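Chemist: I have a structure here, written as structure tokens, and I will follow up with some questions on it.
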Amino acid sequence: MREPFRNEPFTDFGSSDNIADFQAALLQVESELGREYTLKIGSDRIETITKRKSINPSQYTQLIGMVSQAETEHAHKAILAAAAAFDGWKRVPAPARAKVLYKAAAILRRRKHEFSAWLVYEAGKGWAEADADTAEAIDFMEFYGREMERLAERQPLVPLAGEDNELVYIPLGVGVVIPPWNFPLAIMAGMTMASVVAGNTVVLKPASPTAVIAAKFVELLEDAGLPDGVVNYLPGAGSDIGDFLVEHPLTRFICFTGSREVGLRINEKAAAARQDQKWIKRVIAEMGGKDTIIVDEDADLDLAADAITASAFGYSGQKCSACSRAVVHESVYDTVIKKVVERTRMLKMGRPTEQSTYIGPVIDERAYINILKYIEIGRSEGTLIYGGNKGSSAGYFIEPTIIQDVEPYAQIAQEEIFGPVLAILKAANFEAALDIANNTEYGLTGAVISRNRSRLERAREEFHVGNLYFNRKCTGALVGVHPFGGFNMSGTDSKAGGRDYLLLFTQPKVVSERF
């Protein structure tokens, strides 16, 4: 019997041996930079004329890899390859499908530092953030394998004399998986392998800035024994192949993590039935957030400052769960701001290859320009008290930025910035703080720092987010511990890493036999 699921431990970078091992992995990956990566459709590797450079966001003259770009003809071939593979893969017993995930997790565990090093170079993640990303990818595969085995067991039904009744979960078909660049290993692997272990086949369209990491994962799946065609690697611009994949009549479901705008477009496109389409397409979407930490008047203010700083500036604020708003009770407002600024000042900005770096680059030029635009807006909507400047011109560096005295409906208090920008708002009382926390169109994560039990219980009922944390940061959800997904425009509340997630990739069938 397989051991119960346990989260993969994070690497202790206080150990000199672990530091040396990670530095060796960085050197290994550096020696592999600049290679070319092709499409993988069925068993075929396809090089295309059009290619996209993947670059290091902390040193944008450094080439990570050249990635072939798919067009609609390749997208059609990939859908057909996935459909052909589905006929065989759906017949593989669930425990055997789960073993592929366990094998992939074991390989990834052995190559953990190597994959983390790719995250450092291509995604601009610091050591700890990269290590956590890789650990989460392992967790997703270990967890979903066990969950599929559980769903494959005989499900309890009310007994009826004279009949044998059985409920089984069967796969949907061909899925299009569109992961984000900010967790390019963990979320990509989780979305892909949840689909696969449920018996579906996949066309994986990776995020363009981190397509090399996805290519490396697809190579790992080959090593784990996954049959050709079950996962088809199809890098390409969303503007070129995105709508085609979503609208294809053989597409059964779309699993997406990304922006609100793209998610809504996918939902709209998927809702329209096409010629020869036999089903209502299913959309599983996580679309971002505008997340708030509330600090109550009786809170532990050091804890509050730690939680805000870590949540706002970890991975340069490029998390859908990041704290982009701190709503602070007026009686402790000035003190909390002082403590947050003190902690932010201690964060080192630099290249993520250096262990001491906390603030790395933002992902690309588009994000860089957009975040700087929001900082300029913030200067007019509040008082900029820290940061606000560009960093080294070698990469896409932006200082962690804090803007206080922001009004609840200011632009920087309502729109997702996805960068190292924190807006601080003042609340007259706890009720006002809750009102502000709920005033956006999103509902992903939030936190409350308070010693007052009645107020925590009120927030438990009234703070309308999918993941709510008390007296801790609002980032860092663990697979199985904190099933993750949000309300409203944050998506379909799909609860990745939870016991109901695989149900989204299956359909229940009941068979009754009268004796």
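None of the figures in this text is laboratory data; all of them are computed from the coordinates on show. Nothing here was measured: the structure is a model prediction, and the numbers come from that model. Neighbour counts run over all protein chains shown; Cβ positions are idealised from the backbone, glycine included.
Chemist: Counting helices only, and only those DSSP H runs with n ≥ 4, report the 222 nm mean residue ellipticity of the chain as the sum of -39,500 (n - 2.57) divided by its residues, in deg cm²/dmol to the nearest 500. Don't skip to the answer; put the middle values down first.
Modeler: On the way: 15 runs with 196 residues, N = 515.
It comes out at -12000 deg cm²/dmol, rounded to the nearest 500.
Chemist: When the chain is fully extended, how far beyond the present Cα-Cα distance does Q59 get from E415, taking 0.36 nm per residue of separation?
Modeler: Details: separation 356, 0.36 × 356 = 128.16 nm, distance 2.85 nm.
Additional length available on full extension: 125.3 nm.
Chemist: Let me ask something additional. Taking the mean number of other Cβ atoms within 10 Å as a proxy for protection, how do you rank 138-145, 394-401, 89-96 from highest to lowest? The partial results should precede the final answer.
Modeler: On the way: 138-145: 26.5, 394-401: 23.2, 89-96: 14.1.
The densest-packed peptide leads the list: 138-145, 394-401, 89-96.
Chemist: Tell me whether the stretch 60-163 comes out rounded, prolate or oblate; compute the Cα gyration tensor, take square roots of the eigenvalues as a ≥ b ≥ c, and use a/c under 1.5 as the rounded threshold.
Modeler: Values: a/c = 3.33, a/b = 1.57, b/c = 2.13.
Oblate, because a/c is 1.5 or more while a/b does not exceed b/c.
Chemist: Let me ask something else about it. Where does each of 351-363, 303-315, 187-199 land if you order them by average Cβ count within 10 Å, highest first? Mind dumping the intermediate values first?
Modeler: On the way: 351-363: 21.6, 303-315: 24.4, 187-199: 27.4.
Taking the mean over residues of other Cβ atoms within 10 Å, the ranking is 187-199, 303-315, 351-363.
Chemist: A follow-up question, please. If you put +1 on each Lys and Arg Cβ and -1 on each Asp and Glu Cβ, how big is the dipole of the stretch 278-330 around its Cα centre, in Debye rounded to 20?
Modeler: Working: 6 positive and 9 negative charges, 201 e Å.
For this selection, approximately 960 debye.
Chemist: I'd like the antiparallel share, as a percent to the nearest 5, of DSSP beta bridges with both residues in the stretch 291-477.
Modeler: Details: 4 of 26 bridges.
If we restrict to bridges inside the stretch 291-477, about 15 percent are antiparallel.
Chemist: Which one of V176, S454, S494 has its Cα pushed farthest toward the positive end of the charge dipole of the chain, where Lys and Arg give +1 and Asp and Glu give -1 at the Cβ?
Modeler: So the residue we want is V176.
Chemist: Something else: To the nearest Å, what is the center-to-center distance of the stretch 457-486 and the stretch 425-454, using C-alpha atoms only?
Modeler: With the stretch 457-486 and the stretch 425-454 each reduced to a Cα centre, they are spaced 13 Å.
Chemist: Restricting to Cα pairs below 8 Å that are 6+ residues apart, what does the relative contact order work out to for the chain? Please round to a whole percent.
Modeler: Working: 1182 pairs, mean separation 86.5, N = 515.
Taking the mean separation of contacting Cα pairs over the length of the chain, I get 17 percent.
Chemist: Can you tell me how the stretch 291-477 classifies by the Cα gyration tensor, rounded, prolate or oblate, using a/c under 1.5 as the rounded cut?
Modeler: On the way: a/c = 1.74, a/b = 1.61, b/c = 1.08.
Note, shape of the stretch 291-477 comes out prolate.
Chemist: For the chain, return all DSSP H helices satisfying: extent of Cα atoms along own axis at least 15 Å; mean Kyte-Doolittle hydropathy at least -1.0. Intermediate values should be presented prior to the final figure.
Modeler: Working: long enough: 16-31 (23 Å, 0.12); 72-89 (25 Å, 0.24); 94-110 (24 Å, 0.17); 112-123 (16 Å, -0.23); 127-152 (38 Å, -0.45); 186-197 (16 Å, 1.84); 211-223 (19 Å, 1.10); 260-271 (16 Å, -0.64); 301-313 (18 Å, 1.18); 333-345 (18 Å, -0.72); 365-381 (24 Å, -0.42).
Helices passing the filter in the chain: 16-31, 72-89, 94-110, 112-123, 127-152, 186-197, 211-223, 260-271, 301-313, 333-345, 365-381.
Chemist: Ok, one more. Return the percentage of antiparallel bridges among DSSP beta bridges fully within the chain, rounded to the nearest 5 %. Could you put the intermediate results ahead of the total?
Modeler: Details: 27 of 69 bridges.
Roughly 40 percent of the DSSP beta bridges within the chain come out antiparallel.
Chemist: Can you tell me the order of 260-273, 52-65 when each peptide is scored by its average per-residue count of other Cβ atoms within 10 angstrom, highest first? Working shown, then result.
Modeler: Values: 260-273: 16.0, 52-65: 19.1.
Per-residue Cβ counts within 10 Å, averaged per peptide and sorted highest first, yield 52-65, 260-273.
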